[in-house]
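Trainee: Okay, handing you the structure first.
The values are calculated or read from the model by the stated rules, or taken from the named source; none is laboratory data. Not measured: the values here are computed from a predicted model. Glycine gets a Cβ as well: all are built from the backbone with ideal geometry, and neighbour counts include every protein chain shown.
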Amino acid sequence: MTRIRDFVDRMRRAGWKPGPVVTLAEVDAAEMHLGVMLPPAYREFLVAAGRTPAETSWRGLWNVDDLISLNRSLPVFQWFGGLIGIANEGFTVHAMNYREPHVPVVMFGMSSSDWAEVSCVAASFEEWLEESLPPRPKPQCRSHVHASCRPASPDHSRTAAPFVNNLGCNRP
């Protein structure tokens, strides 16, 4: 499983729902409209997320249609050449910085006009997305311990280290 698929699974467990299907051909077309090659992880995410409506998107991420239209229509992207917007949370915009070879994710205010107001928030789209996800669920301890895991005698205080079962839970 790729990291993006893992992230999408975690998002679904948190209640997010992907939208109608987006094809790789549509992502290719978006790249042509924007004049950039999108990072592979972001391309994969656009396909996995589908056409999620803005009101139910994860972290304000734009779907492939919004990616094209908002990057064309919002003046902030004309002021900051080399930035491709990917999301907004209220008046905070998240964008990929194509002025850097590794394409980090940056953030700035919707009305910003000075590069001093642009902050790098993640080295990559994957890192940015992962930081927004709920933590992976931890294995749950079972309410009872299988007989074969119990000590032979009730006095197990003489053991060198506490027993830890294969779920990472300490035995009572």
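Trainee: Can you spot a residue in region 46-58 that is in contact (Cβ under 8 Å) with a residue 12 or more places away in the chain, assigned to a helix (DSSP H, G or I), more than 22 Å from HIS102 (Cβ to Cβ) and of a type in the set (Phe, Trp, Tyr)?
Mentor: Scanning region 46-58 turns up at least one residue that is in contact (Cβ under 8 Å) with a residue 12 or more places away in the chain, assigned to a helix (DSSP H, G or I), more than 22 Å from HIS102 (Cβ to Cβ) and of a type in the set (Phe, Trp, Tyr).
Trainee: From the list TRP58, TRP79, which residue is among the aromatic types (Phe, Trp, Tyr), within 15 Å of the chain's Cα centre (by Cα) and in the same structural domain as LEU38 (by TED's automatic domain parsing)?
Mentor: So the residue among TRP58, TRP79 that is among the aromatic types (Phe, Trp, Tyr), within 15 Å of the chain's Cα centre (by Cα) and in the same structural domain as LEU38 (by TED's automatic domain parsing) is TRP58.
Trainee: Please go through region 88-133 and pick out each residue that is of a type in the set (D, E, K, R) and in contact with a Leu (Cβ under 8 Å, 6 or more places away or on another chain).
Mentor: Pass one, region 88-133, residues of a type in the set (D, E, K, R): 89, 99-100, 114, 117, 126-127, 130-131.
Listed by number, the list holds a single entry, ARG99.
Trainee: Also: Any residue that is surrounded by fewer than 18 Cβ atoms within 10 Å (Cβ to Cβ), modelled with pLDDT of 90 or more and more than 21 Å from PRO20 (Cβ to Cβ) - is there at least one of those in region 54-65?
Mentor: No, region 54-65 contains no residue that is surrounded by fewer than 18 Cβ atoms within 10 Å (Cβ to Cβ), modelled with pLDDT of 90 or more and more than 21 Å from PRO20 (Cβ to Cβ).
Trainee: Would you please list the contacts, defined by Cβ atoms under 6 Å and residues six or more apart or on different chains, that run from a residue in region 68-93 that is within 17 Å of MET37 (Cα to Cα) to a residue that is acidic (Asp, Glu)?
Mentor: Within 6 Å, no pair qualifies.
Trainee: Could I ask something else about it? Scan region 25-45 for residues that are in contact (Cβ under 8 Å) with a residue 60 or more places away in the chain and either touching a Gly at 6+ places or on another chain (Cβ under 7 Å) or not in a helix (DSSP H, G or I) (or both) and report the count.
Mentor: Number satisfying all stated conditions: 2.
Trainee: Quick one: what pairs do we get from region 1-24, first residue assigned by TED's automatic domain parsing to the domain that holds PHE125, second of a type in the set (Lys, Arg), C-beta under 7 Å, 6+ apart or different chains?
Mentor: Listed pairs, sorted by first residue: ARG10/ARG136; GLY19/ARG51; PRO20/ARG51; VAL22/ARG51.
Trainee: Which of (1) touching a strand residue (DSSP E or B) at 6+ places or on another chain (Cβ under 8 Å); (2) not in a helix (DSSP H, G or I) is the odd one out, the single condition LEU67 does not satisfy?
Mentor: With respect to (1) touching a strand residue (DSSP E or B) at 6+ places or on another chain (Cβ under 8 Å); (2) not in a helix (DSSP H, G or I), LEU67 is out only on (2).
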